[in-house]
Amino acid sequence: KNEVEQSPQNLTAQEGEFITINCSYSVGISALHWLQQHPGGGIVSLFMLSSGKKKHGRLIATINIQEKHSSLHITASHPRDSAVYICAVPYGGSQGNLIFGKGTKLSVKP
Amino acid sequence: KAGVTQTPRYLIKTRGQQVTLSCSPISGHRSVSWYQQTPGQGLQFLFEYFSETQRNKGNFPGRFSGRQFSNSRSEMNVSTLELGDSALYLCASSPGDSGVNEKLFFGSGTQLSVL
């Protein structure tokens, strides 16, 4: 069983739709990262959260520490949101030692 | 502020050779971490350096090594390359002094192809 599991693996949406990507983890953590990777490889950190909810523009991330579950929501999706979204949890007490989910490939059609 | 810079962007090597990749962190960041990304295994943690000391190491063979210099720039080296080492190698930096609650800043990666 993977320690960090994401669902769905692939997601196709129409422009304007509300999108939810889920991440469940089995390792004990105090923070969780949501990352975005566009074709070409570069990774951008979207959120780092340890409790509650964070919002940045059309993106919202929530985490439930007791249930070991986090969600990433995209409101009013746009084709430029097409990317792979990856959740990652710190392991071993330092910020760089991360266990990654397999990623969710999102394609938003105009 | 300049972002995280990785060089080279692309690299082609043959089996048995060795390779050195470089990562320059954001100015003021003292923590640098390295990751390997392959289609089969996804992203995996290689190692993390803080103030020239290796703080953590992932589950990779001893052919994978790294170091960090006094200016926080980091290099990773892979010796005796194997076909399976073909991957995108990413580094990320962070200030390094706030425990696990720090945002990471990633470089664009080095795409290594082993023939």
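Yes or no, residue by residue, for (1) facing chain A (nearest Cβ under 9 Å); (2) touching a residue at least 40 places away in the same chain (Cβ under 8 Å); (3) within 26 Å of B:Ala2 (Cβ to Cβ); (4) under 11 Å from the mean Cα position of the chain (by Cα):
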| position | (1), (2), (3), (4) |
| --- | --- |
| B:Val19 | no, yes, yes, no |
| B:Thr53 | no, no, yes, no |
| B:Phe64 | no, no, no, yes |
| B:Leu88 | yes, yes, yes, yes |
Notebook entry, point to check: Quick one: what pairs do we get from the range A:63-80, first residue loosely packed, with under 13 Cβ neighbours inside 10 Å, second part of a strand (DSSP E or B), C-beta under 6 Å, 6+ apart or different chains?
Noted result: A:Pro79/A:Val108
Next item on the list: Specify the residue that is nearest to the other protein chains (Cβ to nearest Cβ); the eligible residues are those in the range A:47-62 that are touching a Lys or Arg at 6+ places or on another chain (Cβ under 9 Å) and crowded, with 18+ Cβ neighbours inside 10 Å.
Entry: A:Met48
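The rows are residues; the columns are (1) of a type outside the set (Lys, Arg); (2) within 26 Å of A:Tyr85 (Cβ to Cβ); (3) surrounded by 12 or more Cβ atoms within 10 Å (Cβ to Cβ).
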| position | (1), (2), (3) |
| --- | --- |
| B:Gly3 | yes, yes, yes |
| B:Thr7 | yes, no, yes |
| B:Trp34 | yes, yes, yes |
| B:Phe50 | yes, no, yes |
| B:Thr53 | yes, no, no |
Next item on the list: From A:Val27, A:Val89, A:Val108, A:Val84, grab the single residue that is of a type in the set (A, V, I, L, M), part of a strand (DSSP E or B) and at pLDDT below 95.
Entry: A:Val89
Item checked: Matching residues in the range B:29-78 - criterion: being touching a Cys at 6+ places or on another chain (Cβ under 6 Å) and hydroxyl-bearing (Ser, Thr, Tyr) -> B:Ser74
Item checked: Considering residues of the range A:45-81 that are charged (D, E, K, R) and not in a helix (DSSP H, G or I) only, the residue nearest to A:Tyr25 (Cα to Cα) -> A:Lys68
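Here's the yes/no breakdown for (1) buried (at least 17 other Cβ atoms within 10 Å of the Cβ); (2) within 11 Å of another protein chain (Cβ to nearest Cβ); (3) farther than 21 Å from A:Asn64 by Cα; (4) of a type outside the set (S, T, N, Q):
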| residue | (1), (2), (3), (4) |
| --- | --- |
| A:Glu3 | no, no, no, yes |
| A:Asn10 | no, no, yes, no |
| A:Gln14 | no, no, yes, no |
| A:Phe18 | no, no, no, yes |
| A:Asn22 | no, no, no, no |
| A:Leu32 | yes, yes, no, yes |
| A:His38 | no, yes, yes, yes |
| A:Ser45 | yes, yes, no, no |
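The values are calculated or read from the model by the stated rules, or taken from the named source; none is laboratory data. Since the model is a prediction, treat every value here as computed from it, not as a measurement. All Cβ positions, even for glycine, are placed from backbone atoms using ideal geometry, and neighbour counts span all protein chains on display.
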